[in-house]
2 protein chains.
Amino acid sequence: MTSNEDRKRAEEEDRRGRIVEAADRLYYSRGFSSVSMDELRDEAGVSLRRLYKLFPSKDDIIIATLRKRRRVWAEGIAEYVDAVRSPRDKLLAVYDFLAGWFCEDDFRGCGFVNAFAELGAVNTDVADLVREHKAHFQRDLARLVEELGAEPSLAAQLAILAEGAQTTAAVTGDPGAAGHARAAAATLIDAALDVDARQAA
Amino acid sequence: MTSNEDRKRAEEEDRRGRIVEAADRLYYSRGFSSVSMDELRDEAGVSLRRLYKLFPSKDDIIIATLRKRRRVWAEGIAEYVDAVRSPRDKLLAVYDFLAGWFCEDDFRGCGFVNAFAELGAVNTDVADLVREHKAHFQRDLARLVEELGAEPSLAAQLAILAEGAQTTAAVTGDPGAAGHARAAAATLIDAALDVDARQAA
DNA sequence: GTAGATCGAGAACGATCGTTCTCGGATCAG
DNA sequence: CTGATCCGAGAACGATCGTTCTCGATCTAC
């Protein structure tokens, strides 16, 4: 009996996952308000009834897609950052991750920034989630910058580069923005270390 | 008779301007799809009938607001860039302009990026206009970088900084992003000039 | 002054949206 | 097998949207 309930729970979780994936595909590629629930139902291959049983409202699905996207971002970044040793390489790995992402054919900028632009002013939950995500990213950079032994403002500069690369790549369609951001980051890192060394002397 | 027609033409242009200003206020602060034509009518203080006589559709108003915003951006940038002499100062003036903008209480990021995020995938005219605007900005930077005598890739890096500063300031609400971007820009400019000087030697 | 154009206010229209409800069939427990 | 429960397909609902139309008032030209 319990195993039966477990199976149901797993099935439900599986379907939730498929719905969120379908929703993210549609929302990310076309925006939130231009995708109807009917369209999401078709893409996810579930009935409207089940859709609303698993997610009480469209806003809940939107939040779920952003949460999923947050996990995917964290894993993607970690894959690149954990692959190298030095704090400097780890910081630069961020832009290597971006370079790979920008080359995907469905790339359309930062999903969080897009969500913030479209819904941030009218949906507090979305705005908060986006703010949290960006703050988390900046904290990650700040930690690496601290390990590197550079001033904290370097982290803010590197975050701005990553942010600008995403927007630039999205609008111009040129994945090369990642390379430019990486080169700029390397210059800034080295300059920050030079300054620190000079101040120590 | 002709003067009468001129007066009418001027009145019409005046009203078009007020409508675009009202629309830009609403669209920029809350997004495009969440502002109805009824709301715009109230904000602009005109009748729905006149609204549709002056602009055949909501999409036309959206495009008009973006065109207006493009002019305002160009004038704002020029005000800062033209005030200083050297190419280096002119490049840095861009971030001073951003710093002032970020401090306005209604600042909510780059209106073009927001438009691209919300409508770019479903409205070709919007996407094209945003792309054009960003390309124009990058050309302006490239011209200054050339005057400076640095490699062209510096312009791409500076554009990414400006882009990232806007997004970061919008999401975090911290106007300090402009200062960080400016400091990074100064470092990148000086590094580029050092490299060029070293290569020339 | 008056016919005709023009206008504002807002009702009306048709489409679309998010959400709920209906109903006939499948599923499951006992 | 049987009664109850759950489900999918899609109709239905109420709200909202972009857009057009109505109608009575106002203005204009002569």
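Taken together, the values in this text are just the output of simple stated rules run on the coordinates, not laboratory data. All values derive from a computational prediction rather than experimental measurement. Neighbour counts run over all protein chains shown; Cβ positions are idealised from the backbone, glycine included.
Points to keep in mind about this one:
- Placing a label point 7 Å from the Cα of A:T124 along the Cα-to-Cβ direction, the distances to the matching points in the other copies come to 4.2 nm, shortest first.
- Judged by the ratio a/c of the largest to the smallest principal axis of the C-alpha gyration tensor, the range B:104-181 counts as oblate, that ratio being 1.5 or greater while a/b is no larger than b/c.
- Relative contact order for chain B, counting Cα pairs under 8 Å that sit 6 or more residues apart, in percent: 19
- Structure-based [θ]222 nm, chain B - -39500 (n - 2.57) summed over DSSP H runs of at least 4, per residue, nearest 500: -27500 deg cm²/dmol
- For the protein assembly as shown: rounded, prolate or oblate by the Cα gyration tensor [a/c cutoff 1.5]: oblate
- Based on the Stokes-Einstein relation at 4 °C and a viscosity of 1.567 mPa s, and on the Kirkwood radius from alpha carbon pairs, the range B:13-88 is assigned a translational diffusion coefficient of 96 µm²/s.
- If you wrap the Cα atoms of the range A:134-175 in a convex hull and average its projected area over all directions, you get 3.1 nm².
- Environment charge at A:A78 (Cβ cut-off 11 Å; Lys +1, Arg +1, Asp -1, Glu -1): -2
- Here the Gaussian network model covers chain B, with springs between Cα atoms less than 10 Å apart; of B:D96, B:D38, B:D24, B:D38 fluctuates the most.
- Across peptide B:190-200, the average count of Cβ atoms from other chains found within 10 Å of a residue's Cβ is 1.
- Just so you know, the Cα atoms of chain A work out to an Rg and Dmax of 20.0, 72 Å.
- Span-like helix criteria (full DSSP H runs; alpha carbon extent of at least 18 Å along the helix axis; mean Kyte-Doolittle hydropathy of at least 0.0) are satisfied in chain A by A:87-102, A:153-172, A:177-200.
- For chain A, modelled as a GNM whose springs connect Cα atoms under 10 angstrom apart, the maximal fluctuation among A:A181, A:A150, A:A165 occurs at A:A150.
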